[in-house]
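Below you'll find the structure, written out as structure tokens, and then a few comments.
The values are calculated or read from the model by the stated rules, or taken from the named source; none is laboratory data. A quick note: this is a predicted structure, and the numbers were derived from the prediction, not measured. Cβ sites come from the backbone with ideal geometry, for glycine too, and all protein chains shown count toward neighbours. Protein only, heavy atoms only, side chains kept; ligands, DNA and RNA dropped before computing areas. Shrake-Rupley method; radii C 1.70, N 1.55, O 1.52, S 1.80 Å.
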Amino acid sequence: MDVDLSQLAGRLGSGRVLTGPSIAPRYRTDAFREHRGSPLADQGELPAAVVLPRTTEEVVAVVRWASEAGVKIVPWGGGTGLMGGARSSSDSVVLDLRGMHRIRAVDPRSCTATIEAGIVLETLDRRLWEKGLTLGHDPWSRPRATVGGAIGTNGLGYAGYLRGTMGDQVLGLEAVLADGTVIRTRAVARSTSGLDLKRLFIGTEGTLGIVTAATLRVFPVPEKEEIRAWRLRDFPTGFECLSALYDDGLRPSVMDFEETFEGPALPWGSGGGPPTLYLGFAGNPDVVAASWNAARRRLRTARATVLPDREAREYWKGRHDIIYYHDEISPGVTRADIALKETVFDYVHVALPRSKILAFRRSALAIVRRHGAHPIGFGVWTQPELVSMEIMHPARGDRAAARAAVAAAIDEAIRRAQALGGSMEYVHGVGLKLAHLLPAELGTGLDLLRRVKKALDPSDLLNPGKLGL
Ligand SMILES: Cc1cc2nc3c(=O)[nH]c(=O)nc-3n(C[C@H](O)[C@H](O)[C@H](O)COP(=O)(O)OP(=O)(O)OC[C@H]3O[C@@H](n4cnc5c(N)ncnc54)[C@H](O)[C@@H]3O)c2cc1C
């Protein structure tokens with residue numbers, strides 16, 4: 001598409017409106033790449049331009065310009081999204097918000113931080129530590145993902161049960177609508193003043209507005225945080241033990257319980273074995289000690305064996321390592337592209353009523369195997385209701401067939417979760433990859449969502465095609 005960018009370049013400066021060869025190939029797709037199980041293309045199209053705003057006023061100027069020029073806008077944070085939510089098309093400009101990375105205010109007494117949306121989560125956490133605070137939201141992708149992207153996907157981190165999702169931490173936000181209006185919601189713990197407007201922009205992947213800033217609930221750095229590793233006899237025993245532990249009222253700062261299966265090797269190592277539980281508590285030392293006392297009672301009853309401290313230490317130290325696989329090693333090529341050249345690897349992340357988890361496990365493992373793929377791991381993360389399953393399929397030779405097999409397994413497993421009363425995705429959003437499953441997920445709610453989109457963005461300016469919109 002031929003787009004006249006001169007007016008925009010005049011407003012922002014040509015160095016902040018990238019075109020042609022100065023657009024890095026990286027902008028063609030986020031972390032939804034060729035090694036994922038999906039029939040969708042492995043890349044998007046190059047956008048007409050990449051725009052690098054530094055202020056909310058500049059975002060407003062871009063939106064007004066795009067609206068007049070009939071150009072779409074794709075908000076971009078760290079580009080670590082796994083669903084193609086930040087993929088561009090040739091009739092769009094990518095709005096890379098990482099130039100908006102200022103911390104506007106920190107209020108240690110209230111435990112709040114007001115920040116711009118493009119700040120990287122880890123950078124923010126480091127800055128907060130200087131004031132005795134911590135961000136709380138700690139996804140695997142913390143070193144690269146931004147606050148705006150985490151709000152756009154309503155992400156979940158290791159401490160999600162204790163601290164909530166990214167969206168739960170948002171007290172108030174600033175967003176630019178498709179007509180250039182700037183909306184600022186009050187940054188308060190609770191409000192009953194009608195519809196909670198900030199929720200329009202949480203988990204909606206930039207389709208209803210561009211988040212430019214937010215006031216987040218942050219937390220005092222815990223006086224004590226302890227993580228330990230345990231081996232459980234089998235998944236059902238461990239799962240019942242965990243359920244009891246949560247019913248006791250414990251609030252783990254970390255909970256990762258996974259069984260693994262023998263299968264073709266993955267670049268970061270794999271292998272079958274009985275399930276391992278990583279469990280942690282954080283906060284006041286008395287609370288942490290009391291939590292361990294209660295947890296140990298449950299773990300003893302389940303005959304769990306404690307693993308050497310080293311196991312828990314290494315797990316915790318390496319918790320962000322995988323995101324570096326998504327760094328580029330040459331233009332447009334990531335370490336993951338090379339490491340997974342002969343492998344299709346993907347996840348299923350479904351939320352289910354607790355009573356359905358074991359039934360889902362039986363079906364899902366059978367589904368994956370029936371499609372000729374390998375389950376690599378099955379577990380629950382942060383709380384017993386949230387299931388993660390890792391799937392792989394060797395792709396030597398016919399890569400398209402391997403992608404199709406994994407895609408079919410994912411779809412069938414998700415439909416099974418939906419049939420059991422679950423939700424198809426609890427952490428990464430919908431993007432392009434899962435959009436075809438949204439009618440079953442939302443039912444008539446999808447029509448309502450489309451009406452909201454139509455009301456706020458009648459020209460379909462903001463991130464079209466994502467989230468089934
Ligand atoms: C190896 C790996 C591990 C991961 N682990 C986790 C995990 O533990 N927990 C988790 O939650 N996620 C995880 N993710 C997914 C991803 O990191 C998160 O979804 C993250 O929040 C995306 O942030 P980002 O800044 O990279 O957003 P992007 O990928 O750039 O964008 C994500 C979506 O948000 C939209 N968006 C971006 N910025 C804005 C904005 N300012 N306003 C409105 N919309 C916006 C984009 O258009 C897109 O739809 C992982 C990804 C990888 C590759």
Which of Leu124, Gly81, Pro353 sits closest to the plus end of the dipole of the chain, meaning its Cα is farthest towards the positive end, when Lys and Arg get +1 and Asp and Glu get -1 on the C-beta?
Pro353
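For the chain, give the percent of accessible area contributed by carbon and sulfur heavy atoms, probe 1.4 Å, rounded to a whole number. Write down the numbers at each step before the final one.
Numbers: 9980 of 19540 Å².
Carbon and sulfur atoms account for 51 percent of the accessible area of the chain.
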For the ranges 235-242, 131-138, 104-111, what's the packing order if you count other beta-carbon atoms within 10 Å of each residue, average per peptide, and put the highest first?
131-138, 235-242, 104-111
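Would you mind putting 94-100, 306-312 in packing order, based on average other-beta-carbon counts within 10 Å, highest first? Could you put the intermediate results ahead of the total?
Values: 94-100: 24.3, 306-312: 14.3.
Peptide ranking by packing, descending: 94-100, 306-312.
Within 12 Å, Cβ to Cβ, of Asp248, how many net charges do the neighbouring residues add up to if Lys/Arg are +1 and Asp/Glu are -1?
Details: positive: Arg251, Arg296, Arg297, Arg298; negative: Asp247.
Here the charged neighbours net out to +3.
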Mind listing the Cα extents of the chain along all three principal axes, in Å, largest one first?
69, 59, 44
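Heavy-atom accessible area per residue, the chain, 1.4 Å probe: how many Å²?
Working: 19540 Å² over 469 residues.
In whole numbers, the chain has 42 Å² accessible per residue.
Given the Cα-Cα distance of Val333 and Glu240 and 0.36 nm per residue of separation, how much length would full extension add, in nm?
The span from Val333 to Glu240 would gain 29.2 nm if fully extended.
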Report the label-to-label distance for Ala69 and Arg104 in nanometres (one decimal), using points 7 Å from each Cα along the Cα→Cβ vector.
2.7
Excluding same-chain residues fewer than 8 positions from Lys454, which aspartates and glutamates have a Cα within less than 16 Å of its Cα?
Asp179, Glu205
Given R₀ = 56 Å, what would the calculated FRET efficiency be for Leu358 paired with Glu45, taking r from the Cβ atoms and rounding to 0.05?
0.80
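Just add up the charged neighbours of Glu116: K/R +1, D/E -1, any other residue whose Cβ is under 11 Å from the Cβ of Glu116.
Details: positive: Arg54, Arg98, Arg102, Arg104; negative: Glu174.
Around Glu116, the surrounding residues sum to +3.
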Can you order the peptides 139-150, 33-44 by their average number of other Cβ atoms within 10 Å per residue, highest first?
139-150, 33-44
Taking the alpha-carbon distance from Lys433 and a cut-off under 18 Å, which lysines remain once sequence neighbours fewer than 8 residues away in the same chain are dropped?
Lys466
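Give me the net charge of Asn154's neighbourhood, meaning all other residues with Cβ under 10 Å from the Cβ of Asn154; Lys, Arg count +1, Asp, Glu -1. Provide the component values of the computation, followed by the final result.
Working: positive: Arg199; negative: Asp168, Glu205.
Summing Lys and Arg as +1 and Asp and Glu as -1 gives -1.
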